[in-house]
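The values are calculated or read from the model by the stated rules, or taken from the named source; none is laboratory data. Predicted, not measured: the structure shown is a model, and the values here were computed from it. Counting neighbours? That spans all protein chains shown, and the Cβs are built from the backbone with ideal geometry, glycine included.
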Amino acid sequence: MAYRAVHRREVLGKRMHQTFSEKRAELENKEKALSNMKSSLAVMDKELTREKVEAEYLVPEVEYWVETEPVKALKERVKNWLSLKQPVHIIGPTGCGKTAISLTVAKELGRPVVWINGDESITTTDLIGGYSEVEVNTIRDKYIHNVFKDKDILKADWADNPLTLACKYGYTLIYNEFSRAKPSANNVLLSVFSEGVLELPTQFGEERYVKVHPAFRAIFTSNPVEYAGIHRAQDALLDRMVGIYMDYYDRETEVKIVMTHAKLDMKDAAAIVDVVRRVRERLPNAEKIGTRACVMVARMLKGFKKFDKDSVNAVLGDIIVSKTKSQEDFLSKQKILDSI
């Protein structure tokens with residue numbers, strides 16, 4: 001049945017009476033405007049969260065990046081696994097470039113990056129977050145004589161940590177030195193990789209479970225198990241990762257890295273790399289010096305007006321002494337330097 005307006009009076013430019021169709025159209029327009037407002041607020045919330053991540057979670061920058069064919073092949077290998085939503089665990093000796101390639105791959109994915117650095121003291125709370133502050137408000141009603149009414153309101157504010165932010169908003173997580181954290185701290189990752197759900201054990205209410213965003217990706221870096229301070233992760237977690245062993249780069253790549261970082265010509269960079277590689281071959285696995293050592297030696301020797309065998313030995317000795325067990329151990333390694 002159709003209705004027509006009987007009174008045509010207008011107040012402030014608006015007709016006093018509306019038909020049912022007009023009222024329904026007005027209501028639908030209000031609902032549509034409210035829906036658009038909610039969508040805009042959701043977009044603003046995501047942008048604000050992204051800005052918060054970029055402001056509060058500092059991620060190291062790769063200042064110099066050298067890409068040879070072996071490096072490119074390794075990088076593409078990591079990206080291919082990540083495209084299949086597989087978490088990648090890069091394992092390799094100290095100073096071989098694990099962190100640099102992880103940061104470069106994460107940047108090329110085009111998503112914000114959050115960073116965790118593992119150590120002995122890290123806990124599940126450090127990964128997922130916790131209650132940052134608790135506010136208590138007390139209301140006392142004394143308007144009626146001899147009647148007292150007390151009401152305490154407890155409000156707890158939850159703060160997300162890197163893992164929760166990455167899972168919620170589809171960021172790329174880099175968990176550096178993953179194997180230096182105790183396995184119990186990383187149990188929360190099991191449900192993330194198997195069921196696609198992050199459980200927040202200390203969270204209250206409906207937000208206890210976070211559905212993992214489809215764009216979420218994770219890269220882990222670790223040293224081999226023979227290194228000091230390393231914990232072997234639980235088999236259930238390792239079974240859900242793809243492990244890639246990353247060894248030291250080939251000679252050509254190391255020479256180009258030293259040339260770029262130390263601003264040396266190819267001849268000088270090659271000479272330094274050759275010496276470091278010969279020292280590396282003579283040291284035990286956990287005490288080997290990597291590409292980082294090549295760069296450190298090159299930068300130091302570059303400042304010398306001239307250098308000879310003794311100055312080179314002194315610089316190399318400063319690099320390897322941090323991994324020696326005793327003075328006798330250092331003297332034995334010094335003999336290796338002298339022979340080279």
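I'd like the residue in the stretch 233-242 that is touching a residue at least 40 places away in the same chain (Cβ under 8 Å) and not small (Gly, Ala, Ser) and, out of all such residues, is surrounded by the most Cβ atoms within 10 Å (Cβ to Cβ).
Of the stretch 233-242, the ones touching a residue at least 40 places away in the same chain (Cβ under 8 Å) are 233-234, 236-238, 240-242.
This time we only want the ones that are not small (Gly, Ala, Ser), so: 234, 237-238, 240-242.
Numbers: 234: 14, 237: 20, 238: 11, 240: 15, 241: 18, 242: 16.
It comes out as 237.
When 122, 101, 116 are screened for being at pLDDT 85 or above and over 20 Å from residue 163 (Cα atoms), only 101 passes. Looking only at residues in the stretch 209-240 that are in contact with a strand residue (DSSP E or B) (Cβ under 7 Å, 6 or more places away or on another chain) and hydroxyl-bearing (Ser, Thr, Tyr), the one that is farthest from residue 170 (Cα to Cα) is 222.
Considering only residues that are within 18 Å of residue 189 (Cβ to Cβ) and either modelled with pLDDT under 80 or buried (at least 18 other Cβ atoms within 10 Å of the Cβ) (or both), which ones fall in the stretch 209-232?
Selection gives 210, 212, 216, 217, 218, 219, 220, 221, 222, 231.
Residues in the stretch 102-134 that are in a helix (DSSP H, G or I), buried (at least 19 other Cβ atoms within 10 Å of the Cβ) and touching a Ser or Thr at 6+ places or on another chain (Cβ under 9 Å): 102, 105, 106, 124, 127, 128. Residues that are in the same structural domain as residue 87 (by TED's automatic domain parsing) and on the phi > 0 side of the Ramachandran plot do not occur anywhere in the stretch 230-245. So for the stretch 15-34 (the condition being at pLDDT 80 or above and among the small types (Gly, Ala, Ser)), does at least one residue qualify? The answer is no; no qualifying residue exists.
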